[in-house]
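Trainee: To start, I am sharing the structure in question, which I have written as structure tokens.
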Amino acid sequence: MFQLLFLVLFAEAAVALLLMVKVGPLRELAMRGVEQAKMGKGPATVKTIACTLSVILLSSVTTILKIQNRGHKLGTVSPMDQVLWRTHLLEASLIGYTLFLAFVIDRLHHYLQKLITLRKAASTSREEVEKLQMENRSLREKEDKSSGEIKKLHQDIAKLCEDMKKLKSESEDHERKASEAEAHVNALQKQSEELLLEYDRLLEDNQILQSQLHYKA
């Protein structure tokens with residue numbers, strides 16, 4: 001019994017040490033072993049063993065207390081009681097340490113699983129953050145490029161506006177010159193009409209004079 005308890009205690013201590021201290025791939029092997037113990041019928045078996053050890057521990061503690069009470073009543077403890085007391089005390093200590101290490105191993109395995117999950121989530125989040133940073137950088141580059149193109153378009157628009165203003169000014173100048181030319185043409189036409197009228201009047205006067213001269217002759 002004691003040899004088995006010592007063996008289980010040393011095995012649990014080794015597993016707990018491997019879970020607490022990372023020694024190459026041994027931690028992964030210990031994690032896999034604990035996971036296999038928690039799969040299938042493992043939990044039921046572990047609970048049964050733990051309940052049995054708890055009953056034995058309770059029985060040993062009860063026996064220890066009885067021996068102590070008997071010694072207090074008698075005022076002395078017999079050699080047999082001393083041997084039984086030491087035996088049950090050793091047994092209770094081994095069982096208690098075994099149950100405590102089993103609980104420690106279970107908690108270590110649980111928290112290590114959580115730690116591995118958190119590390120994976122952190123790694124995934126880091127990758128997503130890096131991806132978002134790359135997308136943000138790409139968007140900034142596109143924005144800078146777009147702003148450059150927008151500035152160029154603004155410059156082109158400003159140049160076109162200046163050209164339009166220049167063309168408008170030239171068009172107004174041409175229209176003004178055309179109006180002046182039209183007015184000048186109208187004036188010339190009016191002057192030509194007046195000259196034609198004067199020419200017709202002179203022709204009539206000339207005909208009248210010629211007729212008078214012819215009559216006198």
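Trainee: Here are GLU172, GLU182, GLU162, GLU149: which of them is modelled with pLDDT of 85 or more and under 60 Å from the mean Cα position of the chain (by Cα)?
Mentor: Sole residue among the options that is modelled with pLDDT of 85 or more and under 60 Å from the mean Cα position of the chain (by Cα): GLU162.
Trainee: For the stretch 17-26, which positions are free of Cβ contacts under 8 Å to residues at least 24 places away in the same chain and out of contact with any Lys or Arg (no Cβ under 7 Å at 6 or more places or on another chain)?
Mentor: Scanning the stretch 17-26 gives LEU17, VAL21, LYS22, VAL23, GLY24, PRO25, LEU26.
Trainee: From the list SER123, SER138, pick out the single residue that is open to solvent by less than 70 Å² (accessible area, probe 1.4 Å), more than 30 Å from ALA37 (Cα to Cα) and in a helix (DSSP H, G or I).
Mentor: SER138
Trainee: Can you spot a residue in the stretch 99-112 that is among the acidic types (Asp, Glu), within 30 Å of LEU58 (Cβ to Cβ), out of contact with any strand residue (DSSP E or B) (no Cβ under 7 Å at 6 or more places or on another chain) and in a helix (DSSP H, G or I)?
Mentor: yes
Trainee: Restricting to the stretch 10-25, name every residue that is surrounded by 15 or more Cβ atoms within 10 Å (Cβ to Cβ) and either within 35 Å of the chain's Cα centre (by Cα) or basic (Lys, Arg) (or both).
Mentor: LEU19
Trainee: Where the second residue is open to solvent by 50 Å² or more (accessible area, probe 1.4 Å) and part of a helix (DSSP H, G or I) and the first is under 14 Å from HIS110 (Cα atoms) and lies in the stretch 28-50, which pairs have Cβ atoms under 7 Å and are six or more apart or on separate chains?
Mentor: Pairs that qualify, where the first residue is under 14 Å from HIS110 (Cα atoms) and the partner is open to solvent by 50 Å² or more (accessible area, probe 1.4 Å) and part of a helix (DSSP H, G or I), are ALA37/VAL46.
Trainee: Tell me whether the stretch 71-82 contains one or more residues that are modelled with pLDDT of 80 or more and surrounded by 14 or more Cβ atoms within 10 Å (Cβ to Cβ).
Mentor: No, the conditions are met nowhere in the stretch 71-82.
Trainee: Additional query: Scanning for something more than 30 Å from ALA16 (Cα to Cα) and open to solvent by less than 100 Å² (accessible area, probe 1.4 Å), does the stretch 103-120 turn up at least one residue?
Mentor: No, the stretch 103-120 contains no residue that is more than 30 Å from ALA16 (Cα to Cα) and open to solvent by less than 100 Å² (accessible area, probe 1.4 Å).
Trainee: So if I check each of HIS88, HIS72, which one is over 41 Å from the mean Cα position of the chain (by Cα), touching a residue at least 12 places away in the same chain (Cβ under 8 Å) and part of a helix (DSSP H, G or I)?
Mentor: Only one candidate qualifies: HIS88.
Trainee: Can you tell me which of (1) under 60 Å from the mean Cα position of the chain (by Cα); (2) small (Gly, Ala, Ser); (3) more than 30 Å from MET31 (Cα to Cα) is the one SER123 doesn't meet?
Mentor: (3)
Trainee: Would you mind finding the one in LEU5, LEU53, LEU19, LEU57 that is closer than 17 Å to LEU101 by Cβ, modelled with pLDDT under 80 and either part of a helix (DSSP H, G or I) or in contact with a helix residue (DSSP H, G or I) (Cβ under 6 Å, 6 or more places away or on another chain) (or both)?
Mentor: One residue alone meets the criteria, LEU5.
The values are calculated or read from the model by the stated rules, or taken from the named source; none is laboratory data. What you see is a predicted model, and the numbers here were worked out from it, not measured in a lab. Glycine gets a Cβ as well: all are built from the backbone with ideal geometry, and neighbour counts include every protein chain shown. For the accessible areas, the whole protein counts, side chains as well, though only heavy atoms, and no ligand, DNA or RNA atoms are used. Shrake-Rupley method; radii C 1.70, N 1.55, O 1.52, S 1.80 Å.
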